[in-house]
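So the structure is just underneath, and the comments pick up after that.
The values are calculated or read from the model by the stated rules, or taken from the named source; none is laboratory data. Bear in mind that the values here come from a model prediction, so they are computed numbers and not experimental data. Cβ sites come from the backbone with ideal geometry, for glycine too, and all protein chains shown count toward neighbours.
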Amino acid sequence: MLDLSLSEKTSSLLRASSTGWDMSDAIEQRLNLSQCRFFFDFDHTISKIDVIDDLIEHFAVDQKWRDLEQRWQSGEIGSEECLRGQFRSVRVTQEKLREYLLGIAIDPDFYRIFNLLKKAGVAPLIASDSFDLLIETILKNHDVQGINILANSLRIEGDRLIPSFPYRNQACLRCANCKTSLLCNEDSLKKVLVYIGDGRSDYCASLSAHMVFAKDSLAEYLRNKGKKFIPYETLKDVYKVLKGLSHE
Ligand SMILES: [Mg+2]
């Protein structure tokens, strides 16, 4: 357990979040899982591939989505504009979508993390710039249930996917789902914020977390920003660290 009381701890944690924690900080602070709030990215963090990219490539009837993807990657447009535009090129029925999602694999160690956290009385959150319908269906296909999903919304009309964005932040249109707003709310006060992600939609939020597990472009981004992070390749690496912090 941390030596400081939770209320005394808050200010020191907020200071710590600017540079972040690595493993030695977590050990030094005698971090316990029940003191943490866990946020997982979904695409290419829990799922083995980037589902949105793959789905669009799979079902697009033209190539307009590629230009939008490049403009998003370069920072010229935000992800809402990108996704709305890309989905205009997609044609897929409910049946075809269901069939496609059956083929999406998730990292098998997510089960172990989910169960480890459950045992510690902690409910992890998925914060994703993908869509609730896709994530719920994929997790259900893999028998993962009872996890909070904070993502963009999607409905199907005929063969069209109609997106909406309940968590957008009008003050910043970079991301369709403002993960930073999801992290920095009242529920997060007095908690150690742990973020696990891989890419561009995780950049802002990871800067507000105390402890970040990062791979791929997120790792490069944090390295350039001088923020500490714990590198990982698969969720097996994350599980091993969390198991160590479970003090079982
Ligand atoms: Mg991702």
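Can you name the number of the only condition in (1) at pLDDT 80 or above; (2) over 20 Å from Gln145 (Cβ atoms); (3) not polar (S, T, N, Q) that Lys48 fails?
Status for Lys48: all satisfied but (2).
What is the one condition in (1) crowded, with 20+ Cβ neighbours inside 10 Å; (2) out of contact with any helix residue (DSSP H, G or I) (no Cβ under 6 Å at 6 or more places or on another chain) that Lys225 does not satisfy?
Failed condition: (1).
If Asp216 satisfies all but one of (1) touching a residue at least 24 places away in the same chain (Cβ under 8 Å); (2) surrounded by 18 or more Cβ atoms within 10 Å (Cβ to Cβ); (3) within 16 Å of the ligand (Cβ to nearest atom); (4) not polar (S, T, N, Q), what's the number of the condition it fails?
(2)
This table checks each residue for (1) of a type in the set (Ser, Thr, Tyr); (2) closer than 30 Å to Glu95 by Cβ; (3) touching a helix residue (DSSP H, G or I) at 6+ places or on another chain (Cβ under 9 Å); (4) within 14 Å of the ligand (Cβ to nearest atom).
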site: Thr137; (1), (2), (3), (4): yes, yes, yes, no
site: Asn141; (1), (2), (3), (4): no, yes, yes, no
site: Leu154; (1), (2), (3), (4): no, yes, yes, no
site: Pro163; (1), (2), (3), (4): no, yes, yes, no
site: Gln170; (1), (2), (3), (4): no, no, no, no
site: Arg174; (1), (2), (3), (4): no, no, yes, no
site: Tyr203; (1), (2), (3), (4): yes, no, yes, yes
site: Ser206; (1), (2), (3), (4): yes, no, yes, yes
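Based on this model, can you work out whether Ile149 counts as modelled with pLDDT of 95 or more and within 16 Å of the ligand (Cβ to nearest atom)?
When the stated conditions are applied, Ile149 passes them.
Identify all residues within segment 27-46 that are assigned to a loop (DSSP other than H, G, I, E, B) and either of a type outside the set (Lys, Arg) or within 15 Å of the ligand (Cβ to nearest atom) (or both); write none if there are none.
Selection gives Gln29, Leu31, Asn32, Asp41, Phe42, Asp43, His44, Thr45, Ile46.
Scanning for something more than 19 Å from Arg30 (Cα to Cα), in a helix (DSSP H, G or I) and more than 14 Å from the chain's Cα centre (by Cα), does segment 226-242 turn up at least one residue? Walk me through it before giving the result.
As a first pass, look at segment 226-242 and keep what is more than 19 Å from Arg30 (Cα to Cα): 226-227, 231-237.
This time we only want the ones that are in a helix (DSSP H, G or I), so: 235-237.
Of the ones still in play, those that are also more than 14 Å from the chain's Cα centre (by Cα) are 236-237.
Within segment 226-242, one or more residues are more than 19 Å from Arg30 (Cα to Cα), in a helix (DSSP H, G or I) and more than 14 Å from the chain's Cα centre (by Cα).
For segment 170-191, give me each residue that is within 24 Å of Leu68 (Cβ to Cβ) and more than 17 Å from the chain's Cα centre (by Cα).
Across segment 170-191, the qualifying residues are Gln170, Ala171, Cys172, Leu173.
Name the single residue, out of those in segment 180-195 being within 11 Å of Cys36 (Cβ to Cβ) and not in a loop (DSSP other than H, G, I, E, B), that is nearest to the ligand (Cβ to nearest atom).
Tyr195
Out of the residues in segment 109-128 meeting the condition of being out of contact with any strand residue (DSSP E or B) (no Cβ under 8 Å at 6 or more places or on another chain) and either without any contact (Cβ under 8 Å) to a residue 24 or more places away in the chain or hydroxyl-bearing (Ser, Thr, Tyr) (or both), tell me which one is surrounded by the fewest Cβ atoms within 10 Å (Cβ to Cβ).
Asn115
Taking the residues in segment 78-130 that are among the β-branched types (Val, Ile, Thr) and modelled with pLDDT of 95 or more as candidates, determine which candidate is nearest to the ligand (Cβ to nearest atom).
Ile126
Matching residues to (1) under 21 Å from Ser47 (Cα atoms); (2) surrounded by 14 or more Cβ atoms within 10 Å (Cβ to Cβ); (3) touching a Leu at 6+ places or on another chain (Cβ under 8 Å):
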| residue | (1), (2), (3) |
| --- | --- |
| Asn169 | no, yes, no |
| Ala176 | yes, yes, yes |
| Tyr203 | yes, yes, yes |
| His210 | no, yes, yes |
| Glu220 | yes, no, no |
| Ile230 | yes, yes, no |
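Evaluate segment 172-179: report whether one residue or more is in a helix (DSSP H, G or I) and not small (Gly, Ala, Ser).
yes
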